[in-house]
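One structure is given below, encoded as structure tokens.
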Amino acid sequence: MKLNDRIRETIRQRNSLLCVGLDVTPERIPPHLMKNDDPIFRFNKQIIDATADLVVAYKPNLAFYEALGSEGWNILKRTLSYIPEGILKIGDGKRGDIGYTTEKYAQGLFALGFDIVTVNPYLGWDSIAPFIQNEEKGVFVLCLTSNPGSQDFQYLLFDGKSLYQRVAEKIVQWNEKGNCGLVVGATHPAELREIRDIAPDLPFLIPGIGAQGGNLEASVLAGTDKEGEMAIINSSRGIIYASGGKDFSNAARKEAVKLRDEINRFREKKEKG
């Protein structure tokens with residue numbers, strides 16, 4: 001099955017657009033876990049146990065695991081193996097290079113267990129091509145990011161069109177195998193609608209809800225396709241750090257239920273017109 005077909009099927013089967021970002025740092029692990037062996041994996045495991053029936057995807061940010069050295073990669077590999085079948089695994093590494101290097105990035109991250117990798121389009125086609133050779137695996141390409149610094153380059157105009165518009169148009173062209181999507185931040189709701197018009201069928205990964213201040217309703221209404229699908233809305237800190245105590249997994253579940261249900265209410269609102 002082509003990746004984008006699988007994304008749509010997963011959304012329908014699970015009736016959810018929610019993605020939980022597993023951006024785990026030792027400083028925020030509940031103290032009682034730090035007294036035991038393997039605290040970060042134990043934390044991830046309990047978060048997954050508490051939320052697996054609510055999500056379409058988990059998104060580990062690679063930086064949090066790379067910072068831990070070789071043990072971090074071991075934790076990441078075990079975490080990916082623990083995620084149940086039927087849930088998408090997104091490697092948030094924002095990779096971007098050329099030639100043999102980018103081939104090795106793609107080979108390594110997909111071998112680790114990821115279905116999708118976030119990539120940077122700045123180096124062009126040859127930096128993305130190795131990630132989209134297998135139609136069952138693919139990419140979310142940075143288009144318009146949620147951070148304030150997105151204003152520095154992504155809005156620059158070229159013949160009357162902004163860079164982010166050009167990126168969206170190009171990725172639509174490169175989606176021949178049905179395995180390309182876009183990263184569009186929730187902090188840009190007007191632009192999100194504009195990009196959806198450019199790429200009506202592509203899946204979007206939408207970060208920026210919660211701590212970054214993105215508007216959830218606007219993101220759902222503008223970011224989903226005409227069927228209220230093909231958007232994956234990520235929350236990281238707002239869910240996994242909902243509590244710093246022994247009840248952290250229960251608190252994470254409550255926040256995940258709340259966010260999933262809010263998203264679905266806005267999807268219903270869009271469907272009703």
Residue count, the range 26-41, condition in a helix (DSSP H, G or I) and open to solvent by 100 Å² or more (accessible area, probe 1.4 Å), comes to 2
Considering each residue of the range 10-25, count those that are loosely packed, with under 13 Cβ neighbours inside 10 Å and part of a helix (DSSP H, G or I), and give that number. 2
For the list (1) over 19 Å from the mean Cα position of the chain (by Cα); (2) within 16 Å of I206 (Cα to Cα); (3) not β-branched (V, I, T), I need the number of the one condition that K161 fails. (2)
Scanning the range 27-68 residue by residue, the ones that are over 20 Å from D115 (Cβ atoms) and touching a Lys or Arg at 6+ places or on another chain (Cβ under 8 Å) total 6
Within the range 261-273, does at least one residue satisfy the condition of being open to solvent by less than 60 Å² (accessible area, probe 1.4 Å) and modelled with pLDDT under 95? yes
Kindly indicate which of G214, G228, G208 is closer than 23 Å to N175 by Cα and either in contact with a Cys (Cβ under 8 Å, 6 or more places away or on another chain) or not hydroxyl-bearing (S, T, Y) (or both). G228
Taking the range 36-63, which residues are over 13 Å from V24 (Cα atoms), in contact with a Leu (Cβ under 9 Å, 6 or more places away or on another chain) and aliphatic (A, V, I, L, M)? L54, V55, V56, A57
Given the structure, is A231 in contact with a strand residue (DSSP E or B) (Cβ under 7 Å, 6 or more places away or on another chain), in contact (Cβ under 8 Å) with a residue 12 or more places away in the chain and of a type in the set (A, V, I, L, M, F, W, C)? yes
Got a number for residues in the range 216-258 being closer than 24 Å to P200 by Cα and of a type outside the set (D, E, K, R)? 15
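The values are calculated or read from the model by the stated rules, or taken from the named source; none is laboratory data. None of the values given here were measured: they were computed from a predicted structure. Because the Cβ atoms are built from the backbone with ideal geometry, glycine has one as well, and the counts that use them run over all protein chains shown. Protein only, heavy atoms only, side chains kept; ligands, DNA and RNA dropped before computing areas. Shrake-Rupley method; radii C 1.70, N 1.55, O 1.52, S 1.80 Å.
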